[in-house]
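In what follows, a single structure is set out as structure tokens and then discussed.
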Amino acid sequence: MKTVVSIPDALLKNAAALARRTNKSRSGLFTDALREYLVRHTQEEITALMNDALDEVDATNDPCLSTLAWRILERSKW
């Protein structure tokens with residue numbers, strides 16, 4: 001789908017230069033950038049919802065949950 005957006009000149013110039021360096025079209029570069037932005041913000045929203053749910057059940061003193069959380073953190077990429 002084609003769309004029109006306003007982008008500051010300096011940002012567009014930097015994006016065009018990056019697209020050339022990475023052998024991508026500007027469209028491909030903007031698509032990749034928007035996809036990454038959406039994933040990052042979706043993950044933040046999920047984390048916030050999970051934190052809200054945990055706050056409601058007061059899971060701070062649950063040893064089972066703590067153990068599982070540590071196991072997940074140990075396997076996570078940082």
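The values are calculated or read from the model by the stated rules, or taken from the named source; none is laboratory data. Keep in mind it's a predicted model, so treat the numbers as computed, not measured. Neighbour counts run over all protein chains shown; Cβ positions are idealised from the backbone, glycine included. Heads up: the accessible areas ignore ligands, DNA and RNA and are worked out on the full protein's heavy atoms, side chains in. Shrake-Rupley method; radii C 1.70, N 1.55, O 1.52, S 1.80 Å.
Results, tabulated for the structure shown:
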read-out	value
Candidate set: the range 21-51, residues that are surrounded by 12 or more Cβ atoms within 10 Å (Cβ to Cβ) and among the charged types (D, E, K, R); chosen: the one farthest from Leu73 (Cα to Cα)	Arg26
Scope the range 10-28; condition hydroxyl-bearing (Ser, Thr, Tyr) and part of a loop (DSSP other than H, G, I, E, B); matching residues	Thr22, Ser25
Pairs with Cβ under 8 Å, 6+ apart, first in the range 34-48 and more than 25 Å from Thr3 (Cβ to Cβ) and charged (D, E, K, R), second open to solvent by 100 Å² or more (accessible area, probe 1.4 Å) and modelled with pLDDT of 85 or more	none
Filter result for the condition that a residue is assigned to a loop (DSSP other than H, G, I, E, B) and open to solvent by less than 100 Å² (accessible area, probe 1.4 Å), over Ile72, Ile7	Ile7
